[in-house]
Amino acid sequence: MSVSHRSLRLGGMNVAVFPDAEAASLAAVDSLIEILDTARIRRRRAVLGLATGSTPQPVYAHLVHRHRAGVLSFANVSTYNLDEYYPISPLDPRSYRSYMHRHLFSQVDIAPHRAHVLDGTVPEAFAAAHAAEFDRWIEADGGLDFQLLGIGRNGHIGFNEPSDLTVAEALRLPTRLVELHPVTRADAAREFGGENHVIPRALTMGLAPILAARSIVMLAIGAHKAEPVARALTAPMTALLPATLLQSVADKVTWILDEPAAGRLA
Ligand code: GLP
């Protein structure tokens, strides 16, 4: 990571704190580019797990910029997104398929059949089968080289919401259909024009396939993330705060924060 930052180690994980949001986003971009470069040198496809939300938008903007400058290609990349509302049409502007299309897929040279987002249009009776199939696609692609994550205000990752499962049970969670937590619904209210309009369910990659990625970057920006970040890094592992479960694979996780998101760390 090029820009000056302070390094911490919490919960066995590397934590890099950057002066501002731009520097933190660029550090995430650098780690993604390193994955693409390594894959290119090894003449194999890079397999990326991607996230949505406001946090990664500048990351995608930088990737698009570099692609346009002719220094970055997605021709040998496949991607798997963390989650999607259910049910939702991919054409709905609030769908994560549509978000990914706008911010990345339509702007770079990724092959359409390698840009995977869970399908919010599968019949409900087939949702579980579709979710299981998604996990098999990732495995068949050789597993995720890299997973980009954001953190919800309630500590969720993807749409793996707080639950009273044991840690062992939570770590085994596969990709599946879930109900959104009230805090998640409140946070999505703006996009949906009111909390009552938020689609209350989603398909999410499970904690098991997320944590199986060979490297994981958690990007958190802004003071509103300071509390969940501090809790996830310092509390013992619990399914009540899914981001604490990153501690179970600590050696492959890097947290990239801006100073406000690190504001509650000692
Ligand atoms: C949503 C997504 C998560 C994301 C989180 C944080 O709930 N399902 O994958 O990490 O929001 O979003 P934001 O980056 O907008 O704070």
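The values are calculated or read from the model by the stated rules, or taken from the named source; none is laboratory data. Quick caveat, the model's predicted, so the values are computed rather than measured. Cβ sites come from the backbone with ideal geometry, for glycine too, and all protein chains shown count toward neighbours.
Residue-by-condition table, conditions (1) aromatic (Phe, Trp, Tyr); (2) in contact with a Gly (Cβ under 8 Å, 6 or more places away or on another chain); (3) in a loop (DSSP other than H, G, I, E, B):
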{"residue": "Asp119", "(1), (2), (3)": "no, no, yes"}
{"residue": "Ala127", "(1), (2), (3)": "no, no, no"}
{"residue": "Ala132", "(1), (2), (3)": "no, no, no"}
{"residue": "Trp137", "(1), (2), (3)": "yes, no, no"}
{"residue": "Gly142", "(1), (2), (3)": "no, no, yes"}
{"residue": "Ile151", "(1), (2), (3)": "no, no, yes"}
{"residue": "Gly155", "(1), (2), (3)": "no, no, yes"}
{"residue": "Arg185", "(1), (2), (3)": "no, no, no"}
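Collect the residues in region 250-266 that are more than 16 Å from the chain's Cα centre (by Cα) and modelled with pLDDT of 95 or more, keeping them in residue-number order. Across region 250-266, the qualifying residues are Ala250, Asp251, Asp258, Glu259, Pro260, Ala261, Ala262, Gly263, Arg264, Leu265.
Can you confirm whether region 56-74 contains a residue that is in contact with a strand residue (DSSP E or B) (Cβ under 8 Å, 6 or more places away or on another chain), polar (S, T, N, Q) and either within 16 Å of the ligand (Cβ to nearest atom) or in a helix (DSSP H, G or I) (or both)? Scanning region 56-74 turns up no residue that is in contact with a strand residue (DSSP E or B) (Cβ under 8 Å, 6 or more places away or on another chain), polar (S, T, N, Q) and either within 16 Å of the ligand (Cβ to nearest atom) or in a helix (DSSP H, G or I) (or both).
When the residues of region 140-164 are filtered to those that are over 13 Å from Val47 (Cβ atoms) and exposed (fewer than 15 other Cβ atoms within 10 Å of the Cβ), the one that is nearest to the ligand (Cβ to nearest atom) is Arg153. Taking the numbered list (1) of a type in the set (Phe, Trp, Tyr); (2) within 27 Å of Leu257 (Cα to Cα); (3) away from the ligand (no atom under 16 Å from the Cβ) in turn, Trp137 passes all entries but (2). Of all residues in region 91-104, those that are closer than 17 Å to Leu203 by Cβ and crowded, with 18+ Cβ neighbours inside 10 Å have Cβ atoms under 8 Å from Cβ atoms of residues that are among the small types (Gly, Ala, Ser) and modelled with pLDDT of 95 or more, 6 or more apart or on another chain, in Ser95/Ser89; Ser95/Gly120; Arg97/Gly120; Met100/Ala115. Note on region 190-216: residues that are in a helix (DSSP H, G or I) and touching a His at 6+ places or on another chain (Cβ under 8 Å) total 0. Of all residues in region 254-266, those being closer than 23 Å to Tyr80 by Cα and more than 15 Å from the ligand (Cβ to nearest atom) number 1. The requirement of being within 15 Å of the ligand (Cβ to nearest atom), touching a strand residue (DSSP E or B) at 6+ places or on another chain (Cβ under 6 Å) and over 23 Å from Val29 (Cα atoms) is fulfilled nowhere in region 210-232; no residue meets it.
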